[in-house]
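Engineer: Before I ask anything, let me first share the structure, which is written out below as structure tokens.
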Amino acid sequence: MNISVLAENTSRDPAFGFEHGLSLYIETNRHRLLFDTGASGLFAENAAKMGVGLAGVDTAVLSHGHYDHGGGIKTFLALNEQAAFYIHRRAFEPHYANHAGEKAYIGLDPSLLPDSRIVLTGGRFIIDDQLELFAGVKGSRLLPSGNLDLFVKAGDEYRADDFAHEQNLIVRENGKTLLVAGCAHRGIVNILEAFALLENRMPDTVIGGFHLYNRAADTTEDAGIVEEIGAFLKDSGSLFYTCHCTGLEAYGRLKEILGGQIRYLATGDRLAVE
Ligand SMILES: [Fe+2]
Ligand SMILES: [Fe+2]
């Protein structure tokens with residue numbers, strides 16, 4: 001399958017704008033899939049530059065209810081007339097982050113919710129024999145400390161976000177399995193363990209942000225934690241492509257541990273996954 005990075009936090013090529021957000025285009029032998037839409041309409045501008053036809057997308061998936069992944073949903077729905085958009089049923093709850101001592105809204109645009117093409121998901125959600133979503137990852141190993149700055153509002157009360165609205169995508173093709181995570185707020189280690197429980201194996205390839213950079217506090221995850229995560233990833237035997245909220249500093253540490261088993265994906269990159 002082929003993957004194009006439509007938006008993430010960096011770009012290697014000045015032709016492509018970048019932003020704090022994530023958007024990936026995944027083409028399999030049966031599907032043209034959009035995974036997240038970045039923070040704005042930038043993903044669509046970059047798609048046009050890369051020759052990716054968003055009108056031809058048949059399936060769209062949102063990883064979780066944060067604006068840096070769902071900010072382009074409206075743009076996508078205007079450009080594409082047929083794709084179903086799979087979004088967790090709790091993703092539209094009001095999400096907030098600490099920002100300069102205040103709570104800043106970082107959720108989705110709630111006016112989108114009545115759109116008839118949005119399919120609300122939850123738990124394990126099988127789209128077909130090639131595509132599957134899973135949410136509700138349990139486990140508390142090596143959770144991102146950046147989660148402590150993230151909230152969901154219930155009435156007038158800000159509660160710690162438990163990321164029930166986060167879902168991960170499994171893509172199967174030619175006997176190989178790809179796992180795609182958006183921000184891995186539930187922790188990439190817990191997500192991989194949940195995957196292994198479902199599939200009795202580790203994925204061949206993993207793509208996603210690992211949330212090792214806390215944007216609210218402008219800090220990188222503790223070096224010892226990153227090393228523990230790196231050791232787990234190495235033992236998994238999977239091949240990793242990371243980007244977005246992993247942050248370049250934590251990526252550098254993971255690269256020291258994983259070597260060629262991990263690579264960074266920047267906006268405009270194209271990737272063939274076996
Ligand atoms: Fe997020
Ligand atoms: Fe994110």
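Read-outs: derived from the displayed coordinates by stated rules, not from any lab. These numbers were taken from a predicted model, which means no experiment stands behind them. Using ideal geometry, Cβ is built from the backbone for each residue, glycine included, and neighbour counts are taken over all protein chains shown.
Engineer: Going highest first, how would you order 201-207, 21-27, 186-192 by mean Cβ packing within 10 Å? Provide the component values of the computation, followed by the final result.
Structural biologist: Numbers: 201-207: 20.1, 21-27: 25.7, 186-192: 23.6.
The peptides rank, most packed first, as 21-27, 186-192, 201-207.
Engineer: Could you compute Rg(Cα) / (2.2 N^0.38 Å) for the stretch 161-232, with N its residue count?
Structural biologist: On the way: Rg = 13.2 Å, N = 72, 2.2 N^0.38 = 11.2 Å.
Computed over Cα atoms of the stretch 161-232, the ratio equals 1.19.
Engineer: Return the loop-located GluC sites (Glu not before Pro) in the stretch 52-140 (DSSP other than H, G, I, E, B) with at most 12 other Cβ atoms within 10 Å of their own Cβ; answer none if there are none.
Structural biologist: Values: sites: GLU81, GLU102, GLU132; in loops: GLU81.
Listed in order of number, the matching sites are GLU81.
Engineer: Could you check which residue among ALA91, ALA194, ALA223 shows the biggest mean-square fluctuation in a GNM of the chain with a 10 Å Cα cutoff?
Structural biologist: The residue that fluctuates most here is ALA223.
Engineer: Reported to two decimal places, what Rg/Rh ratio describes the stretch 127-166 when computed on Cα atoms with Rh from the Kirkwood expression?
Structural biologist: Radius of gyration over Kirkwood radius for the stretch 127-166 works out to 1.11.
Engineer: Taking neighbour counts of Cβ atoms within 10 Å as a proxy for exposure, in what order, fewest first, do LEU34, LEU148, LEU131 appear? Could you put the intermediate results ahead of the total?
Structural biologist: On the way: LEU34 27, LEU148 14, LEU131 21.
Listing LEU34, LEU148, LEU131 from fewest to most nearby Cβ atoms yields LEU148, LEU131, LEU34.
Engineer: Under a crude label model (7 Å from the Cα following the beta-carbon direction), how far is ASP204 from ALA154 in nanometres?
Structural biologist: 4.2
Engineer: Near LYS49, which lysines are there with a Cα under 26 Å away, not counting those fewer than 8 places off in the same chain?
Structural biologist: Straight-distance partners of LYS49: LYS74.
Engineer: Under a 10 Å cutoff between Cα atoms, tell me which one of ALA78, ALA47, ALA15 has the largest fluctuation in the Gaussian network model of the chain.
Structural biologist: Looking only at ALA78, ALA47, ALA15, the largest GNM fluctuation is found for ALA78.
Engineer: Need the list of lysines near LYS234 for cross-linking: C-alpha distance under 27 angstrom, and skip anything on the same chain fewer than eight residues off.
Structural biologist: LYS138, LYS176, LYS255
Engineer: Something else about it: Relative to the compact globular guide of 2.2 N^0.38 Å, what is the alpha carbon radius of gyration of the chain, as a ratio? Write down the numbers at each step before the final one.
Structural biologist: Working: Rg = 17.1 Å, N = 274, 2.2 N^0.38 = 18.6 Å.
Compactness ratio reported: 0.92.
Engineer: Hey, how many Å between the Cα centroid of the stretch 97-141 and the Cα centroid of the stretch 162-235?
Structural biologist: Here the two parts' Cα centres lie 16 Å apart.
Engineer: I want to make sure I understand the PRE zone here: with the label point 7 angstrom from the Cα of ASN174 toward its beta carbon, which residues in the stretch 33-57 have backbone N atoms less than 19 Å away?
Structural biologist: Once the point is set 7 Å along Cα→Cβ of ASN174, 33 turn out to lie under 19 Å by backbone N, inside the stretch 33-57.
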